[in-house]
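K.L.:
I have a structure here, written as structure tokens, and I will follow up with some questions on it.
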């Protein structure tokens, strides 16, 4: 017999043929003795195979359990769920994991934020302390702190940095930045008052705003005779000299450097203190004078710290 | 209950809905009872197949359940012109292979070879030779062991076809669909497998060994 014929015969004996093939083989078996002989031979093998036919019964209730599993997919056993078609995680697991993660995030994020905030405050107060020493040196030489002119091209709080630079008391512009930023530090240049006067009024104003950095500097005050004079070191040394720049509008909005948490405040004696409000214990509003304006103080105790971008000329007039 | 004989042909009347009809009703009309009926229909047949394939009752049960979970998950992809039985066997075979891969057990019957607990259980479940005389019972047991050995010696690709076509009663065409093989390959492989079994199970020529017959036990 040809192999194809034997395959057909085997298929017939195994019931693996299609109906038309079965009919074809049945006819052949009736007429061909050779096919009958071969069929008997294969039947012997099949009879032997029948000895090991499995009679194992499924566990009782297998179909019912499978059906119940389909009704509640989330309760699938791990061995089944790991088949790639159902999640290994039940809903309860997911909720538990989400809650644990949320608690962890709630614990870690504030701690990290607080540490970041503290390091920024410390970095900022170090800068102010450095600038405080420079201002004291300036005072030692000139008997007053750097003067912010009431009018003219240099009538900006940022002029203090120019005067310190001119007197070689400030050489690193990064000291004027609360937050370390290499890009901003590169843009920041220090010019002497003489160099500033050579610029146009608009350019001069822009450079002075930049030179103030992230800080505000105290303006002068008006004497009883109406004369505008710079501050001098006072006996108690608790004159506010510099602080983190306030918001321009000063309408209760948070400061630029430390948000709603407060301001670093530099006193004339070199002390730096972090205050949560614009009012300090020893003084009134540090960003406004007694008239509630950003301008020269109304007397020798009325120090006003103005941000670099404050227009103080009008207020002085 | 199972309406099929082990060879896959219907035993009962044809009034029962076909597998295709049941799956279509479940996938299209959402008839839960239809799917439940399908599970019950294949409970014994598919469990036996998986038991032979995996050689472990727990594994067979797990894979049985995962097979129907897969069928449930994929039933929306069911093409009404497609036969359910080969598709179900294909899913079951793939699930069994995945199970073996995950559990790294190489103690299977059909794919990997080697004696297993499942085989032992299979033999235990066969008609007990208790009613036979001791000589005949021993001969029958010996014959069964010889058949099992012959099956074990088959390469996995041939063994798989014997499992599907002889033990599970699939047609050539269905086995080709299950294993994703050409029909001609299925026919030729099964033929080769049966020839090997024929050779292995053929009784040896009667040539008494004088050495053996004369051998005496050591004192």
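K.L.:
Residues in the stretch A:145-157: is at least one part of a helix (DSSP H, G or I) and surrounded by 15 or more Cβ atoms within 10 Å (Cβ to Cβ)? So that I can check it myself, show each step before the final result.
P.N.:
If we filter the stretch A:145-157 for residues that are part of a helix (DSSP H, G or I), which is where we start, we get none.
Scanning the stretch A:145-157, I find no residue that is part of a helix (DSSP H, G or I) and surrounded by 15 or more Cβ atoms within 10 Å (Cβ to Cβ), so the answer is no.
K.L.:
Then there is this: If you check residue B:44 against the conditions, is it more than 27 Å from residue B:150 (Cβ to Cβ) and within 11 Å of another protein chain (Cβ to nearest Cβ)? Working first, answer last.
P.N.:
Numbers: more than 27 Å from residue B:150 (Cβ to Cβ): no; within 11 Å of another protein chain (Cβ to nearest Cβ): yes.
Considered against the rule, which asks whether it is more than 27 Å from residue B:150 (Cβ to Cβ) and within 11 Å of another protein chain (Cβ to nearest Cβ), residue B:44 comes out as no.
K.L.:
Can you name the residue in the stretch A:1-15 that is assigned to a helix (DSSP H, G or I) and over 18 Å from residue B:166 (Cα atoms) and is also farthest from the other protein chains (Cβ to nearest Cβ) among such residues? Don't jump to the end; show me each part of the working.
P.N.:
So in the stretch A:1-15, the residues assigned to a helix (DSSP H, G or I) come out as A:3-14.
Adding the requirement that they be over 18 Å from residue B:166 (Cα atoms) leaves A:3-5.
On the way: A:3: 6, A:4: 8, A:5: 10 Å.
It comes out as A:5.
K.L.:
Let me ask another. Do you know which of the residues in the stretch A:16-45 that are within 12 Å of another protein chain (Cβ to nearest Cβ) and buried (at least 17 other Cβ atoms within 10 Å of the Cβ) is farthest from residue B:175 (Cα to Cα)?
P.N.:
Out of the qualifying residues, it is A:38.
K.L.:
Hey, another quick one. Could you tell me which of the residues B:73, B:34, B:60 is more than 7 Å from chain A (Cβ to nearest Cβ), assigned to a helix (DSSP H, G or I) and over 18 Å from residue B:18 (Cα atoms)?
P.N.:
Answer to the selection: B:60.
K.L.:
In the stretch B:103-111, is there at least one residue being modelled with pLDDT of 85 or more and either within 11 Å of chain A (Cβ to nearest Cβ) or not in a helix (DSSP H, G or I) (or both)?
P.N.:
Restricting attention to the stretch B:103-111, the residues satisfying the condition of being modelled with pLDDT of 85 or more are none.
Within the stretch B:103-111, none of the residues are modelled with pLDDT of 85 or more and either within 11 Å of chain A (Cβ to nearest Cβ) or not in a helix (DSSP H, G or I) (or both).
The values are calculated or read from the model by the stated rules, or taken from the named source; none is laboratory data. Worth saying up front: this structure is predicted, and the values here are computed from it rather than measured. Note: ideal-geometry Cβ built from the backbone for every residue, glycine included; neighbour counts use all protein chains shown.
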